[in-house]
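Have a look at the structure below before the remarks.
The values are calculated or read from the model by the stated rules, or taken from the named source; none is laboratory data. Being a predicted model, the structure only gives us computed values, none of them experimental. Cβ atoms come from the backbone with ideal geometry, glycine included; neighbour counts cover every protein chain shown.
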Amino acid sequence: MNKRVINFLLTILFVVLVGTWIYTSVRDEFLKQTRASQRRTVETVAAGYPEPEDVDEWLKRLAEDANDYRIALVPEIPMPGEKLSSSPKGDPELAKLTEDSATDPEFSKGFDNAAYEEIYRSARNWTVGAKEEQALFFAPAVSLKTHDIEGALVFAFNTDGEQGFMRMLNTLFFGAFVLFAVVIWQLMMSRDPIVGFALAGLFLMTLTFVAYPLFEALRLSFMENGKFSLSVWRTILNSEGYMSALWGSLKLGCWTATFSTLVGFLFAFVVSRTNAPCKKLISTMGVLPVISPPFSLTLSIILLFGNNGLITRWLRVVGLDFSIYGLPGLVLVQTMGMFPIAFLTLSGVLQAIDSTFEEASLNLSAGRFQTFAKITLPLAVPGLLSAWLLVFTTSLADFANPLLLAGDLRVLSLESYIEVTGMNRLGHGAALSILLLLPTLTAFLAQRFWVAKRSYVTVTGKPSGRITELTTPGVRRILTGIIFAIIIFLIMLYGTIFAGCFVKNWGIDYTFSLENITEAITRSTDALFDTVTLAAIATPIAGIVAMIAALLIVRRKFHGKKFLEMLLMTPFALPGTLLGISYILAFNHAPIILVGTAAIIIINYVIRELPVGIEGGIASLRQIDPSIEEAATDLGADQATVFRTIVLPLVRPAFLSSLSYTFVRSMTAVSAVIFLISARWYHITVLIYNFSENLRFGLASVLSTVLIVIVFGAFGIMRLLVRENANLMKNVT
Amino acid sequence: MANKNSKSVTFDNIVKIFKDPQSGQDVTAVGGVSFTIEPGELVTLLGPSGCGKSTILRMLSGFENPTSGRILIGDNDVTQTPPNKRDTAMVFQSYGLFPHMNVSENVGYGLRLRKVPQKDIDEKVQRFLEMVGLGAMAKRPPSRLSGGQQQRVALARSLIVEPSVLLLDEPLSNLDALLREQMRVEIRRLQKSLGITAMYVTHDRVEAMSLSDRIIVMKGGLISQIGTPSDIYRDPVDTFVSGFVGKVAFFPCVVKGIDDGCNVEIKGHTFKAPRWSDKLKAGDKALVMARPESLSIGEPGAGVEDGTVTANIYLGNSVETWVHTDLGNVLVQIDNPDVKKIFAEGEKVSLSFDPSLTKVLVDDLPKE
């Protein structure tokens, strides 16, 4: 053991020595180059020293032209240790410094060199006026005619670039050293270094791309002019406008959550507790909207009920005038888009409630309604709460729908976007999205740790498959009637988008036309290509990383596991706007500059979609007997081989759904990505938004349709692949 | 006959301390264990659950790291070698078959990792499948095999890589009684014919007795006794071992003196036992250990302990009679019952034993 530690220390020592050597060489070479170039500037400028009568003019021109240095002229070179006989000319701040410090040994040296027609660079940096760390050069001012030395020129060069470079170099070398040390430590000390590398990678990734940006966002909200200050928060908490936005978000969240839970429960109840017809259709339509791209439902609502909407016009004829923009419209759109969350949660809950309870109740001669009210409903209460909180969180974080439909309603997600992009007040934006995080996080944690624990649902593992009819035919007809009305409305919404593609100018000219399609395709090719490329890169990364993380969490014991899990899962609870803002805050300055690159978008996708993949991976790994993996290891497979040949095939369904989920979510991202796109890397959803803002609804419809097709296609392929796998996987344990 | 490939296994003062995840306290699973397994030998680790036997197996396979001590396979110190680099192959309690591969792919997995040409793999897989009697099942998925067949696949998968040491972790515990007996014979036959060193973990004493060259009896993370099955049965070191490897009755006695045997006195009767604990000396209170087959039943007052017959279990070649005494319930095995007297339930009897089959042990039984 001791021998290995000594070996490790020796290797590290060697690395440090070689590193220091490279580091100093690079640094010295760089400094030599910049100083040489500064010296050349000094030489050239000094060589242009004019006739005495033109000196003032010359200095003025230099002050205007030069951008990396300032210059002052000492008309008469003083004797060492003596004060200047006359005030220097040129840049006032530099002149003042020269006059004040004329007796300083460094200045004396400079003047001395100038007197011998030599150029001298001060050994240390000086503060010139407000600017610190300026490098001073001294050069002789030689008359062209007489070749006499008429004075000394003092140059002050900015060293910002130099210092920036040094900082970068330091960070780089420190980073490289740490990386090296970790790698060597793992290779020398650990029995399976691959696991160590994977763990180190995960920690590094989450710290850099989850913890660090959030910390930066939080820090910036407490900063004013580079100093700690509460002024941002004071402004926000005292502002009526911002507070009304918070109130608006909460109001919207409550309404949407309530309506979505009602609709979701209706769907779930009819599917799992009645003998209604077309249950398959009801289930499908109850899930479909959850994967519809952002803006699509909003878009069709605007097409139908907007100021120039199809239905608005009819209603105006009848004398009804209203505006869809604002709270009611948003609640409608969000409910249509988010009730599937409630449906999925509640149908899971209802299916898990053994219908034997209800049979028992009916058997004890309770009525159907009584059974529903006394048995089914109370058992489903934790599920209902859970669904409500989930929708509430989603609604609060929603960004795309308010963007188009908020009208006068102020909501926080939108407000922080306006602060950042409209007003360029990053601190305010960060603070607002943190404010949004509070209710979101509260609801999320309440759902996770309080409601979920209270659930009565016990998995018996033997679903009876029987359905206890809990409705009378009349009630059933009414319920199915409502459901079909909602389904027809949904189909109408999708149909409207489709129809929007083929209409010349929605709201004005309803003639058939293919112009929109051709225009949309030519104008969106680049954005579409970008979007698909970025999603296609992020997808396999997120999928593999998720499965590796799940494997480590389920199978390995290591320090900081809870912490890592928390960091990995955090992005799930974060509103996209917060993540987007914190990314531009954290990655537009050293040490990591990523703003404007494809990498920042890809990393954002990966980080945001990891939690779902990891949860899926964990759930399916828990089903798999660890001795399967141990058997492979025992037969000689290293950890990477076990992962490739055993784990990945066994968690294939979870892996595939993680892949398709990431792809779809990346294709349809808005809230975070809107902050991260650049001229080079654009996103199609932002394009849809731009078209809608400019009332080019036809173009927006075409792009939405394209997205819908891609999204449904991706899910379809995934379903096919998983089904193929299903027969194989029947007996995993 | 030891295979040239098989190697010895040495545990040198191995300690394993776990951290209890709940309380964070240290738990000693194995507290300083040393032993050697000779090449080609099958050694069983026998003990109640929690005695550390599985931990020892997992340390030998490399899945657990010893806290201190050394493990050698042959002359190689493998203490720090990861499991995939060790020349061991394990048969898991739950088999650990790869569900996404069929039988022959499962068996050939280890060979594929060793980059053996596919043609040789196919040929060898078929040969090993024939050996375990599954030649016709090559293309089946493991989920369509019975428990015993799955066990054979797991065995073939481990044997095909020709490991230096074969490890078996309670491999028969998921099988029903009849299959268990068959597999026991099968495993012993394969191990013998391949001459492979093997370590077998079980808590079933019958399994241990019938399979092993030697048995290591463990208790509380320590080795109680190492020996051949008959050593351990006839000459156990303490009351725990004697009770764990078979039915036994203990009679309190006083040691009178030790010469070529151990002379003891029970209620005025004196006996000479051929085996005794080294720690005993004249004057000690001790126990006489007697197995059911060394006990006999007579009229009350004739033996060393009186009691009442509570049950007779007829097994054909023998009758097991339970006698309730002040010492507890004692099992007496009466061979050839047709020619002997069987006392009826409720009859008063007395117990006596054949001293030449007994051993005198230190009295370490817990006192009420």
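Among the residues of the range A:88-122, write down those that are closer than 21 Å to A:V45 by Cα and not in a helix (DSSP H, G or I).
A:P88, A:K89, A:G90, A:D91, A:Y116, A:E117, A:E118, A:I119, A:Y120, A:R121, A:S122
Residues that are within 30 Å of A:T335 (Cα to Cα) and more than 14 Å from chain B (Cβ to nearest Cβ), at least 3 per element: which helices (runs of 4 or more DSSP H) completely within the range A:174-291 meet that?
A:240-273, A:279-287
Residues that are outside any loop (DSSP other than H, G, I, E, B), surrounded by fewer than 21 Cβ atoms within 10 Å (Cβ to Cβ), of a type in the set (D, E) and touching a residue at least 24 places away in the same chain (Cβ under 8 Å): does the range A:514-525 have at least one?
Yes, the range A:514-525 has at least one match.
Could you tell me how many of the residues in the range B:62-83 are within 10 Å of chain A (Cβ to nearest Cβ) and under 15 Å from A:S627 (Cβ atoms)?
So the count comes out to 3.
Let me spell it out: the conditions are (1) surrounded by 22 or more Cβ atoms within 10 Å (Cβ to Cβ); (2) in contact with a helix residue (DSSP H, G or I) (Cβ under 7 Å, 6 or more places away or on another chain); (3) away from every other protein chain (no Cβ under 13 Å), and B:T55 meets all of them except one. Which number is the exception?
(2)
Just checking, which of A:T539, A:T570 is buried (at least 20 other Cβ atoms within 10 Å of the Cβ), under 17 Å from the mean Cα position of the chain (by Cα) and part of a helix (DSSP H, G or I)?
A:T539
Only strands (runs of 3 or more DSSP E) wholly contained in the range B:234-350 count here; list those with 2 or more residues that are farther than 20 Å from B:V362 by Cα.
By residue number, B:295-298, B:305-314, B:318-325, B:328-335.
If I ask for residues that are closer than 20 Å to B:V330 by Cβ and either among the charged types (D, E, K, R) or out of contact with any strand residue (DSSP E or B) (no Cβ under 9 Å at 6 or more places or on another chain) (or both), which ones from the range B:244-264 would you list?
B:G246, B:K247
If A:K279 satisfies every condition in (1) among the charged types (D, E, K, R); (2) free of Cβ contacts under 8 Å to residues at least 40 places away in the same chain; (3) touching a Phe, Trp or Tyr at 6+ places or on another chain (Cβ under 9 Å) but one, which is the exception?
Among (1) among the charged types (D, E, K, R); (2) free of Cβ contacts under 8 Å to residues at least 40 places away in the same chain; (3) touching a Phe, Trp or Tyr at 6+ places or on another chain (Cβ under 9 Å), the lone unmet condition for A:K279 is (3).
For B:T88, work out the one condition from (1) over 31 Å from the mean Cα position of the chain (by Cα); (2) in contact (Cβ under 8 Å) with a residue 60 or more places away in the chain it doesn't fulfil.
In the conditions (1) over 31 Å from the mean Cα position of the chain (by Cα); (2) in contact (Cβ under 8 Å) with a residue 60 or more places away in the chain, B:T88 misses (1) alone.
Restricting to the range B:163-193, give me the number of residues that are touching a residue at least 60 places away in the same chain (Cβ under 8 Å) and surrounded by 18 or more Cβ atoms within 10 Å (Cβ to Cβ).
Adding up the residues that qualify gives 10.
Checking the condition farther than 30 Å from A:L409 by Cα, surrounded by fewer than 21 Cβ atoms within 10 Å (Cβ to Cβ) and out of contact with any Leu (no Cβ under 8 Å at 6 or more places or on another chain), which residue from A:L344, A:L320, A:L362 passes?
A:L362
Return the pair list, or none, for Cβ contacts closer than 9 Å from residues in the range B:354-368 that are in a loop (DSSP other than H, G, I, E, B) to residues that are charged (D, E, K, R), at least 6 apart or on different chains.
B:D354/B:E293; B:T358/B:R275; B:T358/B:R291; B:D363/B:D284; B:D363/B:K285; B:D364/B:D238
If A:Y661 satisfies every condition in (1) under 23 Å from the mean Cα position of the chain (by Cα); (2) in contact (Cβ under 8 Å) with a residue 24 or more places away in the chain; (3) farther than 30 Å from B:F98 by Cα but one, which is the exception?
With (1) under 23 Å from the mean Cα position of the chain (by Cα); (2) in contact (Cβ under 8 Å) with a residue 24 or more places away in the chain; (3) farther than 30 Å from B:F98 by Cα applied to A:Y661, the lone miss is (3).
Kindly indicate which of A:F489, A:F529, A:F484, A:F512 is more than 30 Å from A:F339 (Cβ to Cβ), modelled with pLDDT of 90 or more and either aromatic (F, W, Y) or in contact with a strand residue (DSSP E or B) (Cβ under 9 Å, 6 or more places away or on another chain) (or both).
Just one listed residue meets the conditions, A:F529.
Got a sec? Which of A:L409, A:L432, A:L438 is touching an Asp or Glu at 6+ places or on another chain (Cβ under 7 Å) and of a type outside the set (G, A, S)?
After ruling out the rest, the residue left standing is A:L432.
Within the range A:603-624, identify whether any single residue is within 30 Å of B:A156 (Cβ to Cβ), not in a helix (DSSP H, G or I) and not basic (K, R), and answer yes or no.
Yes.
The rows are residues; the columns are (1) more than 14 Å from chain B (Cβ to nearest Cβ); (2) in contact (Cβ under 8 Å) with a residue 12 or more places away in the chain; (3) in contact with a helix residue (DSSP H, G or I) (Cβ under 6 Å, 6 or more places away or on another chain).
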{"site": "A:I614", "(1), (2), (3)": "yes, yes, yes"}
{"site": "A:Q623", "(1), (2), (3)": "no, yes, no"}
{"site": "A:Q639", "(1), (2), (3)": "no, yes, yes"}
{"site": "A:T645", "(1), (2), (3)": "no, yes, no"}
{"site": "A:S666", "(1), (2), (3)": "yes, yes, yes"}
{"site": "A:A669", "(1), (2), (3)": "yes, yes, no"}
{"site": "A:A672", "(1), (2), (3)": "yes, yes, yes"}
{"site": "A:F675", "(1), (2), (3)": "yes, yes, yes"}
{"site": "A:I684", "(1), (2), (3)": "yes, yes, yes"}
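If A:E565 satisfies all but one of (1) in contact with a helix residue (DSSP H, G or I) (Cβ under 8 Å, 6 or more places away or on another chain); (2) touching a residue at least 24 places away in the same chain (Cβ under 8 Å), what's the number of the condition it fails?
Status for A:E565: all satisfied but (2).
Which residue out of A:T171, A:T206, A:T103 is surrounded by 13 or more Cβ atoms within 10 Å (Cβ to Cβ), among the hydroxyl-bearing types (S, T, Y) and within 18 Å of A:P80 (Cβ to Cβ)?
Just a single option satisfies the conditions, and that option is A:T103.
Please go through (1) farther than 30 Å from B:N84 by Cβ; (2) within 14 Å of chain B (Cβ to nearest Cβ); (3) of a type in the set (S, T, N, Q) for A:N588 and return the number of the only condition it doesn't satisfy.
Of the numbered conditions (1) farther than 30 Å from B:N84 by Cβ; (2) within 14 Å of chain B (Cβ to nearest Cβ); (3) of a type in the set (S, T, N, Q), the odd one out for A:N588 is (2).
Can you pull out every residue in the range B:104-119 that is crowded, with 20+ Cβ neighbours inside 10 Å, more than 8 Å from chain A (Cβ to nearest Cβ) and more than 30 Å from the chain's Cα centre (by Cα)?
Within the range B:104-119, B:S104, B:G108, B:L111 meet the criteria.
What residue, among those in the range A:220-238 that are touching a strand residue (DSSP E or B) at 6+ places or on another chain (Cβ under 9 Å) and surrounded by fewer than 17 Cβ atoms within 10 Å (Cβ to Cβ), is modelled with the highest pLDDT?
A:F222
Yes/no matrix, rows are residues, columns are (1) surrounded by fewer than 16 Cβ atoms within 10 Å (Cβ to Cβ); (2) closer than 22 Å to A:N125 by Cα; (3) hydroxyl-bearing (S, T, Y):
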{"position": "A:L13", "(1), (2), (3)": "yes, no, no"}
{"position": "A:V16", "(1), (2), (3)": "yes, no, no"}
{"position": "A:D28", "(1), (2), (3)": "yes, yes, no"}
{"position": "A:L31", "(1), (2), (3)": "yes, yes, no"}
{"position": "A:V42", "(1), (2), (3)": "no, yes, no"}
{"position": "A:Y69", "(1), (2), (3)": "no, yes, yes"}
{"position": "A:A72", "(1), (2), (3)": "no, yes, no"}
{"position": "A:P75", "(1), (2), (3)": "no, no, no"}
{"position": "A:K96", "(1), (2), (3)": "yes, yes, no"}
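Given the conditions (1) within 11 Å of chain A (Cβ to nearest Cβ); (2) modelled with pLDDT under 90; (3) part of a loop (DSSP other than H, G, I, E, B), and given that B:S143 satisfies all but one, which numbered condition is not satisfied?
Only one criterion in (1) within 11 Å of chain A (Cβ to nearest Cβ); (2) modelled with pLDDT under 90; (3) part of a loop (DSSP other than H, G, I, E, B) is unmet by B:S143, namely (3).
Looking at (1) at pLDDT 90 or above; (2) crowded, with 19+ Cβ neighbours inside 10 Å, can you tell me which one A:A599 breaks?
Answer for A:A599: the failing condition is (2).
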